[in-house]
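Heads up: the structure comes next, in structure tokens.
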There are 2 protein chains.
Amino acid sequence: MAENIVQKLRDDIENGIVTNQFAPGDRLDEMQLAKQFGVSRTPVREALMQLSAIGLIEIRPRRGAVVVEPGPHRIYEMFEVMAELEGMAGSLAARRHTDADRADLLASHGRCEQSAKADDADTYYYDNELFHLAIYTASHSSFLVEQCTALHRRLRPYRRLQLRVRNRMKTSYSEHAEIVEAILAGEAELARTLLRQHIAVQGDRFSDLVATLAQR
Amino acid sequence: MAENIVQKLRDDIENGIVTNQFAPGDRLDEMQLAKQFGVSRTPVREALMQLSAIGLIEIRPRRGAVVVEPGPHRIYEMFEVMAELEGMAGSLAARRHTDADRADLLASHGRCEQSAKADDADTYYYDNELFHLAIYTASHSSFLVEQCTALHRRLRPYRRLQLRVRNRMKTSYSEHAEIVEAILAGEAELARTLLRQHIAVQGDRFSDLVATLAQR
DNA sequence: CCGTCCGCTCTTGTATACAAATTAGTTGAC
DNA sequence: GTCAACTAATTTGTATACAAGAGCGGACGG
């Protein structure tokens, strides 16, 4: 077992935060975590620092780590940036996609169709991630792929909340269809606009988000 | 002295990388760095992990940390994303700027004018950073500000290289003037386009970048 | 009875010791 | 002479021990 311990700790704690086992505002005690996972404080500290770098927790000097709770406004801002980056990826994808990208995009779109029709939120959630990843990849900008996946990952819990809204899944899927069409047709600006609107939390969707955040 | 040690190490090592004291490809030996700074390996490791999170170095399990050298193509990709984010910030700033933002923007723009006219590259480099920061701030999206400053920071060394190109400083300044005008006039899309073009490494500027990278 | 100050404890930050792995060097065999 | 394998040394990863700052409680004074 190598450095994987830190990775495993990071993933486990991150998972714990996402699933609300560690609620926002909670203090993450190093010794407690160390005992809980059967390791020493050293790898725990390293894992916490990585989570701090991602932005999931905040480490205040000499005062420990606490799970951050981004307020609705901040979450809105993050989606705003995500919308822009996804729009960029879509635009580049429209211009640069290869035959392999086309196949991947259609395949993941097909899987979304299946899970949307089956009304299976969990599967759709997963397929949706792959669909968006396919767009990132088709942009052929490795740095953009990294930025997008990082932000996508960070927004994961809230994206999941959004799916709870009635009919969001079906709406999302039909938006995907237009996006695929635009990308494959090489319509860069259309793809950008559609993706931006697909991601952005505008109008009613913002109140929906706030509402679902509250009832959590 | 508290956790500042890690911060200081991080800044010093980052500075060393930026100033090419630690050349790309160099192995960063933990013990050597620890001795050099008169501390133990623990804070050095933490500083290295932070640098790894930023993307300045790469840590391969059991094989140490090496300074990464982003190839020209990757640097181009990073500027491509930066251009998009700055464009977004400019667009938001055009719509949301307050009187205070207006004053800040004009002030930093004025300082750029001074240093450009004095042909002082170092001062211009610094004033230029403040100018762009003023735009980020005027967007009134704290998350966007963070993303922009992080990427801006990472691109710092290459931005500095670009200033070496003949007349780049004057050109840059005149582009700033148009950008300020667009933002203060509330022309969101114009501001976006101008900023995108201002940042993007397109056409000749890419070959200039490659050339300056090579002669470093 | 309330407020402030001093001290104790608990937690974080740093150092060092120990374990495991990788790499390089040397030796032996083909 | 070259290649491969084994061993030793260097270096990373983890644990533990030690130091120092922050929070909390009790005691003393007003």
Which residue of chain A is nearest the rotation axis onto chain B, counting by its Cβ, and what is the distance in whole Å? A:53, 2
Skip the ligands, DNA and RNA, and give the accessible area per residue of the range A:72-214 with a 1.4 Å probe, whole Å². 43 Å²
Run the label-point distances for residue B:7 please: 7 Å along Cα to Cβ, every other copy, nanometres, shortest first. 3.2
Heavy-atom accessible area of residue A:41 with all protein chains present, probe 1.4 Å, nearest 10 Å²? 110 Å²
Given charges at beta-carbon only (K, R positive; D, E negative), |dipole| of the range B:83-156 in Debye: 220 debye
Can you compute the helix-only [θ] at 222 nm over chain A? Use -39500 (n - 2.57) per DSSP H run of at least 4 residues, normalise by all residues, nearest 500 deg cm²/dmol. -24000 deg cm²/dmol
Determine the order of A:165, B:180 by accessible area, beginning with the largest, at a probe radius of 1.4 Å. A:165, B:180
Excluding residues fewer than 8 places away in the same chain, name every one of the aspartates and glutamates whose C-alpha is closer than 15 Å to that of residue B:8. B:46
Output row for residue A:100: copy-to-copy label distances, label 7 Å along Cα→C-beta, ascending, in nanometres, one decimal, is 5.1
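What total accessible surface area, summed over both chains, is buried at the interface between chains B and A, computed with a 1.4 Å probe and given in Å² to the nearest 100?
Between B and A, the summed buried area is about 2700 Å².
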Express the carbon and sulfur contribution to the solvent-accessible surface of chain B as a percent, rounded to the nearest whole number, probe 1.4 angstrom. 49 percent
Please check the range B:114-148 for residues whose accessible area, probe 1.4 Å, is lower by 50 Å² or more when all protein chains are in place than in their chain alone. B:143
For residue B:197 and residue A:212, what does the FRET efficiency come to when R0 = 35 Å and r is the distance between their Cβ atoms, rounded to the nearest 0.05? 0.30
Of the candidates A:12, A:127, A:204, which one comes out as most mobile in a Gaussian network treatment of chain A with C-alpha springs shorter than 10 Å? A:204
Quick check: residue separation of residue A:74 and residue A:21 times 0.36 nm, minus the Cα distance between them. What number comes out in nm? 16.9 nm
Given a Förster distance of 60 Å, report the FRET efficiency between residue A:166 and residue A:31 from their Cβ-Cβ distance, rounded to the nearest 0.05. 0.85
Chain B, Gaussian network, Cα under 10 Å: of B:78, B:49, B:88, the residue fluctuating most is B:49
If you put +1 on each Lys and Arg Cβ and -1 on each Asp and Glu Cβ, how big is the dipole of the protein assembly as shown around its Cα centre, in Debye rounded to 20? 1080 debye
Would you list, by chain and number, the lysines whose Cα falls below 19 Å from the Cα of residue B:117, excluding same-chain residues fewer than 8 positions away? B:170
Take every residue in peptide B:81-94, count the Cβ atoms of other chains within 10 Å of its Cβ, and give the average of those counts. 3
When chain A is treated as a GNM, springs tying every alpha-carbon pair under 10 Å, which of A:16, A:87, A:38 comes out with the largest mean-square fluctuation? A:38
Please name which of B:89, B:202, B:67 has its Cα lying farthest along the dipole of the protein assembly as shown towards the positive end, using unit charges on Cβ (Lys, Arg +1; Asp, Glu -1) and the Cα centre as origin. B:67
How far is residue A:39 from the same spot in each other copy, in nm, shortest first, if each label point sits 7 Å from Cα toward Cβ? 2.2
For the range B:90-216, with only Lys/Arg (+1) and Asp/Glu (-1) charged at the beta-carbon, what is the dipole magnitude about the Cα centre, in debye rounded to 20? 540 debye
In the protein assembly as shown, taking the dipole from +1 charges on Lys and Arg beta carbons and -1 charges on Asp and Glu beta carbons about the Cα centre, the listed residue (A:145, A:172, B:7) farthest towards the positive end is B:7
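The values are calculated or read from the model by the stated rules, or taken from the named source; none is laboratory data. Quantities reported herein were computed from a predicted structural model and do not represent experimental measurements. Cβ atoms come from the backbone with ideal geometry, glycine included; neighbour counts cover every protein chain shown. The protein model used for the area step is the full one, side chains on, heavy atoms only, and it has no ligands, DNA or RNA in it. Shrake-Rupley method; radii C 1.70, N 1.55, O 1.52, S 1.80 Å.
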